[in-house]
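The structure appears right after this line, and notes come after that.
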Amino acid sequence: MRIVVTGSAGYIGSDFVTHLRDQYRARFQVLEIDLASNGEDVSSVETRNKIEDFKPQIIFNFAGISGEKACRERPHEAFLTDCLAPWRLAGLGVPLLVQASTLSILDKGDSRYARYKGSAEVHLETAGVPVLCLRFGTLLGSSAAGPEHMRWDLPVHKMVLDAVTQGVITIPREPLMRPWLLLGHLRRVLVGVALDAERSIVPAGFTLQPLVSFNASLEQVARRVARRVQLKTGKPVTIDYAVGHKDLRSYASPAVCGTTPGHCSQCELESVVEDCITLYRTGTLAD
């Protein structure tokens, strides 16, 4: 089966592509599309023509300008990639488009990133073609593609880095709830979608699916990270509270994927913390 993965050099895309190569090389033929690694802009006519020529059975669209800060700094590129490109990909008539979206849409604040992703969902809902729109919680976990694809700006990863290098984790004083998604859980869901598509099991139209491993406040997660870093390094870690975080607000989602929240998610969170410590200690910290 032929699969297109856009944003294939990014945090999610590289992890998924690496897993497909390692576990399903003989089963799936993968076309990788990425602006950073090969200069292919998913919003361009040339890239869409290349995808059409490949004749895929499924497109996983992970291309995007991620996060509020990047969207503010590159608003035109963010609009083209996050909002307009998904609708254009849906117009290619591929049997299934899997669109990466975000649960930050539930955040009622003035978020450009959430607005663009929300607008894409509205366009896709009226496209009249099979679309599976996956709303991700805040991601955490090391990529199967290696340390160079690690996103150290993600909250849990940054907490670990700050705890190891500075002995302090800074979080908002406000009690902010977040939905969290382990990268390993997402990987299993994506593989399941690909295997279903291979058997022609696809949504009849637009389907929206939130993906969450567990819900927890930033403070709860920060305290777990601090305890694990202290245990692994033997050095004290303190929690510092900052006032006002305009880019982080409180929202949660009842949907759960991968495992039941609680002990399993806590163990896996601790495993993520240990992975981050190992990446830093071995000198493989990405710039």
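The values are calculated or read from the model by the stated rules, or taken from the named source; none is laboratory data. A quick note: this is a predicted structure, and the numbers were derived from the prediction, not measured. Because the Cβ atoms are built from the backbone with ideal geometry, glycine has one as well, and the counts that use them run over all protein chains shown.
For the reader, a short list of remarks on this structure follows.
- Only residues that are surrounded by 18 or more Cβ atoms within 10 Å (Cβ to Cβ) and under 18 Å from residue 224 (Cβ atoms) were counted across the range 177-199, and they come to 8.
The rows are residues; the columns are (1) aromatic (Phe, Trp, Tyr); (2) modelled with pLDDT of 90 or more; (3) crowded, with 23+ Cβ neighbours inside 10 Å.
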| position | (1), (2), (3) |
| --- | --- |
| 75 | no, yes, no |
| 79 | yes, yes, no |
| 83 | no, yes, no |
| 90 | no, yes, yes |
| 95 | no, yes, no |
| 99 | no, yes, yes |
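- Taking the criterion of being basic (Lys, Arg) and touching a residue at least 60 places away in the same chain (Cβ under 8 Å), the only residue of the range 93-114 that qualifies is 108.
- Residue in the range 175-222 that is nearest to residue 135 (Cα to Cα), counting only those that are out of contact with any helix residue (DSSP H, G or I) (no Cβ under 8 Å at 6 or more places or on another chain) and basic (Lys, Arg): 188
- Residue within the range 22-30 that is surrounded by fewer than 19 Cβ atoms within 10 Å (Cβ to Cβ) and farther than 25 Å from residue 184 by Cα present: no
- Within the range 35-68, the set of residues being more than 24 Å from residue 186 (Cα to Cα) and of a type in the set (D, E, K, R) comprises 40, 41, 46, 48, 50, 52, 53, 55.
- Among the conditions (1) part of a loop (DSSP other than H, G, I, E, B); (2) modelled with pLDDT of 90 or more, residue 222 misses just one, which is (1).
- Of the residues making up the range 161-219, those that are part of a helix (DSSP H, G or I), among the hydrophobic types (A, V, I, L, M, F, W, C) and touching a residue at least 12 places away in the same chain (Cβ under 8 Å) are 161, 163, 164, 183, 186, 189, 190, 191, 193, 194, 197, 218.
- Per the listing 90, 85, 63, the residue uniquely in contact (Cβ under 8 Å) with a residue 40 or more places away in the chain and over 19 Å from residue 208 (Cβ atoms) is 63.
- Inside the range 19-56, residues that are in contact with a Gly (Cβ under 8 Å, 6 or more places away or on another chain) and among the β-branched types (Val, Ile, Thr) make up a count of 2.
- Members of the range 33-52 found to be touching a Lys or Arg at 6+ places or on another chain (Cβ under 8 Å) and over 10 Å from residue 7 (Cβ atoms), listed by number: 40, 43, 48
- Of everything in the range 115-138 that is in contact with a strand residue (DSSP E or B) (Cβ under 6 Å, 6 or more places away or on another chain) and assigned to a helix (DSSP H, G or I), the residue that is surrounded by the most Cβ atoms within 10 Å (Cβ to Cβ) is 117.
- When residue 122 is tested against (1) under 13 Å from residue 12 (Cβ atoms); (2) without any contact (Cβ under 8 Å) to a residue 12 or more places away in the chain, exactly one condition is not met: (1).
- Selection of the range 50-78 for residues being basic (Lys, Arg) and touching a strand residue (DSSP E or B) at 6+ places or on another chain (Cβ under 9 Å) yields 50, 55.
Yes or no, residue by residue, for (1) in contact with a His (Cβ under 9 Å, 6 or more places away or on another chain); (2) under 11 Å from residue 221 (Cβ atoms):
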| position | (1), (2) |
| --- | --- |
| 155 | no, yes |
| 174 | yes, no |
| 179 | no, no |
| 191 | yes, no |
| 194 | no, no |
